[in-house]
Structures are given as structure tokens and as C-alpha cells.
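The values are calculated or read from the model by the stated rules, or taken from the named source; none is laboratory data. All values reported here derive from a predicted model rather than from experimental measurement. Cβ placement follows ideal geometry from the backbone for every residue including glycine, while neighbour counts extend to all protein chains displayed. Accessible surface areas use protein heavy atoms only, side chains included; no ligands, DNA or RNA. Shrake-Rupley method; radii C 1.70, N 1.55, O 1.52, S 1.80 Å.
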Amino acid sequence: MRTTASAGVAAAALLASLLSGPGAAFAASPAPATTPAASATAAAEPSPATTPEPPTPAAPATETAEADADAVDAPTPATDTPASDTPAPATDAATAEPTPEPAAEATAEPRASDEFPGDFSPLASFSTQSFSASNIVSDRHMFTGGELSAVEVQAFLQQQVPTCRDGYTCLKDYRVTTTTIPKSDECQTYQGRPNESAATIISKVGVACGVSEKALLTLIQKESQLVEDDWPVQKQYDQATGFDCPDSGPCNPVYAGFFKQVYWAAWQLENYRIEPDQAQYRVGQTAPVLFFPGKAGDTCNPTSALNLTFRTAATAALYNYTPYQPNAAALAPGDGDACSSFGNLNFWGIYTDWFGYAQVDVDRVSGADRYSGAVAIAKAAYPGTAPVVYVASGQNYPDALSAGPAAAAGGGPLLLTDPASLPQSVADAIRVLAPKRIVVVGGTNSVSDAVKTRLAGLVPGVKVDRLGGASRYATSLLLVKDAFKAGASGAYLATGANFPDALSAGGAAGSKSQPVVLVDGSAGSLDASTTDALRGLGVSSLTIVGGVNSVSTGVENTAKAITPGRVTRASGADRYATSRAVNSAAYTSSDRAFLATGANFPDALAGSAWAGAAKAPLWVVPGTCVPTEVRTSLKPLGVVNVTLLGGPNSLAPAVESLSPC
């Protein structure tokens, strides 16, 4: 429910401009006495700041515009009418006015007026383990209008309720004539039209006010349950977003109606964003938020437990709109207790269920192939220049597994090349990066002399060095000795026989300025060259990556002789579990994370250098889902941005929505 305070100066100015301008949406007469009411909770401690109010709209005028060109469902006109608990009437496609139809079948149970509970009941059973009261939704997920077109919104509504009960108009079929609302600081002009579908209204409002259609759909479901209801009553349309529906009394009838509810809710959310000083809560602020209507210090609202620091403007906006946070009972399984409120928890749970984590922004960095993909990663990590660039084979992984942490230590990216010829996209990227040094990883079988020669001609004065040994293990040691000349506090030991363990370790090692050293995991002990190299680094701890089938107990015992009492093993039942174990041990906090497929090496290889430099975890995951343990790690780490490395063939859209395995 939306709680409000008295009208402010900004709103008065907006109202005056709307009333005086040509084609004003509202009658040029004094605002009616019925104005948005102040909530009983508005006086809760601390006292809220004055919140600007939207102008009071008049009843929709008759429009003469052409029919809705964006219509995506059969015409079923309706009108915004006063709230009631009667069925939303089914409509006749042949007329422009609602045609009453028989009520729902006798087998349908009567509907109580409080059937849609809004803020004080859980709307679904979902895990709250990843919920954070201070970071409910990201700014991107709230304030990105145009995320869904009218066609996409309609398809979504149809998916939620394929068939409506006889005698009722569900949201997928709902239509209403809308009015034109001129441009304001919050929203662009909304061009009213006759017979607009709910999907079109949601889409147009989202674009006009810069509020995500996904967020609007979530808000509608949170407040009125219209999105998933197959037998809605008129009252649900009239109070669709809970706008100006205070806890202390009935909703303001001036704002009754689906269009007005959606538009003014979006207007209000955007107003909270652009006028934060006029709102009670704002991003970065630490302030008390009640658990339940009342005041700080009462039975339901112990003062010591109320403070929140709002991490996003969108989260602050939600608390201005619905000023309660869930208490411990609300977050536990069940229906909460007498002091529980669920409004903002319901918003988070609905959004997360439909669209992925509300509080986590997910982006994707990819290219047309592995080479352009590595270039895209390099550009994202180093948008300017870089002192060094590492170049490794994109056809095979052994030589390059130690290169990610080495590149991170040098402050540059890791690019991939075809062994025989340098891709043009890679050459162009190196020219832009303008490094003083290029490190070619591996011998001539990995990266040919022809490629090395071309690299030398890309940047005037650049030094090109090849680091390649007789084996993958020798190459690993050359990379480590070159990049960590000043030594390292520790090192990661990973098998050179496969790539997943070493790639998971690459980001973690890079973030700690430690190398990944490849070992023959099947051997009975560490060889002398590796032992000498580790002693030369001066390491005081070693982390073995993978189980005993990857790195033997014999190798572990040799490692213990180098750093007595400081050898740990990070391992799991499979490559994904090992990746989780590595990152769990390496990170206690990070605002971002990376995901790459564990089925192939190029994306994670190039990404390991970026993850190391960003000091952020890189998890290898299946290509079609995100393990639950990874999802639940995001909240305690404080992750608010997840970057997918690779295209949809590597990481499917389900990974982009962080869908669980």
C-alpha cells in the first residue's frame, strides 16, 4: 500500500502547469477536497519528510483517437469504475461499453472484500535465504522502462492465466479508455487512447515514466494479485497497485481504476528517485523502518532492530511506497506472527520467481567466437590502456592455465589467438590497449612465430616475450617466476591434466596476488623444480584445488613440508562443487561475481584475469542453470552485479535469470 503525506511545493507547481497548459489532462478547476490521505503510519518514528503529491485527475474524458494499433488481444473494453467486490464484468468485443455477463458459476465460492491481502500476508512460499531488507531491488531492475514491449507483457499475462473463469475479465483481456497526461518531471507524455489493453498500458507507462514493466507487473501482483487471478473482482482493478490506499482507511476513489493506478504508481516511484530529499527514505541513508504499523519502541517495533541502510534508490522507493520491513517471523517458513508484514518481501519474492533475483543486476560479456569473446572481456576489464597483454592459444588450455593470475598481477588482460594466425579483432584490441609489453604464452606449437612477429608490429616500441617450456608444467613455472618476481604470500596448486579446477582458482589467486602453479596431480610427490619455485616465492600457505583424484595425497604431503600446517584443500564432488569451495574459502565480500561455463575453457580462461583484477569470485557453472549454493552465496558476499562470460550457447538464458539447478 502507498502511504502519503501532504502535498508539496513541487507537486503544486506541477498541478498548476497541467491545469494551465493546452490539452491538459485535468479539469481547470480547484483540486477536489478528496486528496491523497496520510497513512496512520506516516507519523511513525522518525517523522517522514513531506512527500510531493501527484495532481488529482478528473474522470477520463471521451477520446476520439484511432483504435489501439498495438492491440495484442481481442477487444474487451472496460471502464474504470468505483471499487466493488462484484466480478469484473466479462466484455463484449462488438461494443465500446462493458456488457454485463452472468456472474461466476455457482460452484465458485464467494469472494471476501479482503481476499487480496496486500502487505500483511505471504503471497507464496519461497526461500528467503537470499533476501536482504536493505537491498530489495536494484536500480536497473526498477528504473529501466521499456524492458518488455506490450506484446511481451501480453504474452506474460497469457502465460500466467491461460483461461479466465466464465463471467470474469482477467488482466490479459482487460481494456479501458485512457486519457492523455502531459509531460512532467517524472514522466514523458502519455498519449491516451480508447480501448487500450492492460498490456499496452503497462508497457506505455513503463516507457513514459522510466519504470520497468517487470517491476510494474510485480507491484500489481503484490498489491492486488491481478496478474495470476482467473476470477478478479472490480475492486482489484480499482486498487491495482495500492496507490493512495492508506493503512488507516479506504483507498482514495479519485485514483480508482487500473490505468490511474498503474500510471500514478509509476509516477510516484520515479518521483522518489528524482526528488529523494522530499522522501522519507533515500539511498545511502540509515534510518529505522517499522516491522508493523505503529511506532518505534512498541511491542512490534523494538527500536534496536529497525535500522536499515538503503543500498539502492529503488529499495528506498519501495520503503517510501510501503514503509514496512519483514521481521524474523515473516522471513521464517510459515505465515509470520502478529507483528509481521510481507509487502516488500512479497515484491522481492514475486519478482525473483518471475524474472530472477530482484537485487542482482546480471549482464553478459561475449563475442561471436572465443577470440572476440576474450576481446570483449578485455575491453570491459580495461576500457583504456594496459601496461601488459598476455596472449595464449585459444585452441588448447594447458599452457595458459597459469596466465590468468599472472596477467592480473601485471595489470593487463589475457587474450586468445589462433596458433597459426592472429585474429584481426585481437590485433585491433591490442592497438587500443597500447601495452609496453606483450607476453606470448607457450611454445611455437601453442602460438606460432608468425603470430609473435605480427604482435611485435602492432604497437610501436612494444616488447614481446615468449614464455614457453618443454611441458605445461615448465611453462607454468616460467609464468609464475616472471609475474611474481617479488614473491607471494601463498599459491594455488592445481592439476594440469584438466582445466576446471585451475580456472576456478585463477580468479581467487589473482585477487590475492598469488599464482596458480600446475602440478602433475597423479604423481607421488611434487617434483624438485616445483618445490624449488615455491620455496623461491617465499609462500607461507598453499591451497590444493580438487580432490585426491585430481591432486594426490603424495603431492599434498610434499606441499606440507614446504609450508608446515598451512596447506588446505578446496574440493568438491565435481568441478562445480570444487569451484564453490575455492571461492567460499577465498572471499568474504564482493559486490560483483562472474559466471562461466565449466564445460569449456576459453571464456573462463580470459575471464580469470578480469576476476583476479576485480577481486571478485568466478564460479564455473553448468550451461543451463546456477547451483543453489552459488545463488545463496550472493547475499552474504554482498554481490549486486553478476557478469556472465560467454554467449547463450555457453550460458543459456536460464543462467542469465539465475535459475536454480
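Descriptive notes on the structure:
- Residue check, Gly623 free of Cβ contacts under 8 Å to residues at least 60 places away in the same chain, outside any helix (DSSP H, G or I) and surrounded by 17 or more Cβ atoms within 10 Å (Cβ to Cβ): yes
- Single residue of Thr385, Thr309, Thr303 found to be surrounded by fewer than 18 Cβ atoms within 10 Å (Cβ to Cβ), over 30 Å from Asp520 (Cβ atoms) and in contact with a strand residue (DSSP E or B) (Cβ under 6 Å, 6 or more places away or on another chain): Thr309
- For Thr453, the conditions (1) part of a helix (DSSP H, G or I); (2) in contact (Cβ under 8 Å) with a residue 24 or more places away in the chain all hold with the exception of (2).
- Only a single item in (1) β-branched (Val, Ile, Thr); (2) in a loop (DSSP other than H, G, I, E, B); (3) open to solvent by 10 Å² or more (accessible area, probe 1.4 Å) is not met by Val227, and it is number (3).
- Whichever residue in the range 136-151 is under 24 Å from Val360 (Cβ atoms), assigned to a helix (DSSP H, G or I) and touching a helix residue (DSSP H, G or I) at 6+ places or on another chain (Cβ under 8 Å) and, among such residues, is least open to solvent (accessible area, probe 1.4 Å): Met142
- Of all the numbered requirements in (1) open to solvent by 10 Å² or more (accessible area, probe 1.4 Å); (2) at negative phi, Gly210 misses one, and that requirement is (2).
- Residues within the range 430-439 that are crowded, with 23+ Cβ neighbours inside 10 Å and in contact with a Leu (Cβ under 7 Å, 6 or more places away or on another chain), tallied: 3
- Just so you know, in the range 497-514 the residues that are surrounded by fewer than 24 Cβ atoms within 10 Å (Cβ to Cβ) and of a type outside the set (A, V, I, L, M, F, W, C) include one that is nearest to Tyr576 (Cα to Cα), and it is Asn498.
- Residue check for Asp399: among the acidic types (Asp, Glu), in a helix (DSSP H, G or I) and modelled with pLDDT under 95: yes
- Residue match in the range 261-279 (condition: surrounded by fewer than 24 Cβ atoms within 10 Å (Cβ to Cβ), farther than 17 Å from Met142 by Cβ, out of contact with any Ser or Thr (no Cβ under 7 Å at 6 or more places or on another chain) and not small (Gly, Ala, Ser)): yes
- Considering residues of the range 443-455 that are of a type outside the set (Val, Ile, Thr) and touching a strand residue (DSSP E or B) at 6+ places or on another chain (Cβ under 6 Å) only, the residue least open to solvent (accessible area, probe 1.4 Å): Leu455
- Only listed residue being farther than 18 Å from Leu401 by Cα and in contact (Cβ under 8 Å) with a residue 40 or more places away in the chain, chosen from Leu595, Leu634, Leu645, Leu618: Leu634
- Within the range 640-658, tally of residues that are open to solvent by 30 Å² or more (accessible area, probe 1.4 Å), of a type in the set (Ser, Thr, Tyr) and in a strand (DSSP E or B): 0
- Test for Arg580: is it in contact (Cβ under 8 Å) with a residue 12 or more places away in the chain, more than 29 Å from Pro419 (Cα to Cα) and among the basic types (Lys, Arg): yes
- Residue within the range 107-121 that is open to solvent by 30 Å² or more (accessible area, probe 1.4 Å), at pLDDT below 95 and in contact with a Phe, Trp or Tyr (Cβ under 7 Å, 6 or more places away or on another chain) present: yes
- Number of positions in the range 456-485 that are among the small types (Gly, Ala, Ser), under 18 Å from Gly612 (Cα atoms) and open to solvent by 20 Å² or more (accessible area, probe 1.4 Å): 1
- Residues satisfying the stated conditions in the range 406-428, i.e. in contact with a Ser or Thr (Cβ under 9 Å, 6 or more places away or on another chain), without any contact (Cβ under 8 Å) to a residue 60 or more places away in the chain, open to solvent by 10 Å² or more (accessible area, probe 1.4 Å) and hydrophobic (A, V, I, L, M, F, W, C): Ala420
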